[in-house]
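Each remark here refers to the structure printed beneath this line.
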Amino acid sequence: MRRTKRSFCAGAIAAVLLLTGSAPSVSAHPGRTDANGGHTCRTNCEKWGLEYGEYHYHNGGGAGKSNSSKSKSKTTTTKSKSTTKSKSTTPSKAKPAAPAYAKSGLVVYVNGAKLSFDSAPLIYENTNLLPLREIAEAMGASVTWDKQGGTITVEKEDRLMILKLGSKTVHYNGKAEAASAAPKVIQGTTYVPAQVFARGLGAAVAYNSSTNTLDITYE
């Protein structure tokens, strides 16, 4: 009876050892381990009872899947494209602006006598301009020119008229009035508004648009 019990115990131990030696062991899976004593399976995983990519241990700690989420950081590079292209272009030559004045073709009569001008009458801002010195001589008036101040003084008998280049203010015997246009120097000739000049010398003015004539009369 004692032999039977001993034989049974010995047989049971041998069976346990046999079963333990034949079962696949995760701890026996070859490969390099990391600092934690394990690694991720990449080769013949099914042979060792593992899944591909499964993290397991070699120190008897047991195999297990890593539940930690792997965050892949993608670096997005923003490429800045310069949309502004600097082109070195040669500045084009600016075309000269057309003059604001033009020849009017105006025919002027003083007390019925037709005048012949060396400098043609002009039209500027819808105003007829006459060459100052020529119209003054035709009407028997004297002209004094102050270059420094740009002041023009026209006198005839008891009439005194003072004008200033670039100014529409005209003084008739000391009284200031606004003119339709200011005296201007154009191509070296000083021009004055026809009606303003006639007004300063006490003359009457009549304009005929159909014939483009200006009649100036005075006593």
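Read-outs: derived from the displayed coordinates by stated rules, not from any lab. Fair warning: this is a prediction, and the values are worked out from it, not measured in the lab. Note that each Cβ is placed from the backbone with ideal geometry, even for glycine, and that neighbours are counted across all protein chains shown.
Counting every other Cβ atom within 10 Å of each residue's Cβ, Phe197, Phe117 order from fewest to most as Phe117, Phe197. Here the Karplus curve 6.51 cos²θ - 1.76 cosθ + 1.60, taken at θ = phi - 60°, turns the phi angles of the stretch 110-120 into couplings of 10, 6, x, 9, 6, 8, 10, 8, 6, 10, 5 Hz, with x standing for Gly and Pro. Straightening the chain between Val143 and Ser180 buys 11.2 nm, computed as 0.36 nm per residue apart minus the Cα-Cα spacing. Here the stretch 127-219 is treated as a sphere whose radius is the Kirkwood value from Cα pairs; by Stokes-Einstein at 37 °C and 0.692 mPa s it diffuses with a coefficient of 245 µm²/s. Among the listed pairs Lys114/Lys168; Lys147/Lys168; Lys103/Lys175; Lys114/Lys175, those with a Cα-Cα distance over 24 Å are Lys114/Lys168; Lys103/Lys175; Lys114/Lys175.
Listing Met139, Met161 from fewest to most neighbouring C-beta atoms within 10 Å gives Met139, Met161.
Taking 7 Å steps out from each Cα toward its Cβ at Asn212 and Asn36 produces label points 10.4 nm apart.
On a straight-distance basis, which aspartates and glutamates could pair with Lys156 in a cross-link, Cα separation under 16 angstrom, same-chain partners fewer than 8 positions away excluded? By straight Cα distance, Lys156 reaches Glu134, Glu137, Glu219. Given R0 = 22 Å, the distance between the Cβ atoms of Glu155 and Ala120 translates into a calculated FRET efficiency of 0.25. Remark: Arg159, Arg32 ranked as Arg32, Arg159, counting other beta-carbon atoms within 10 Å and listing the fewest first.
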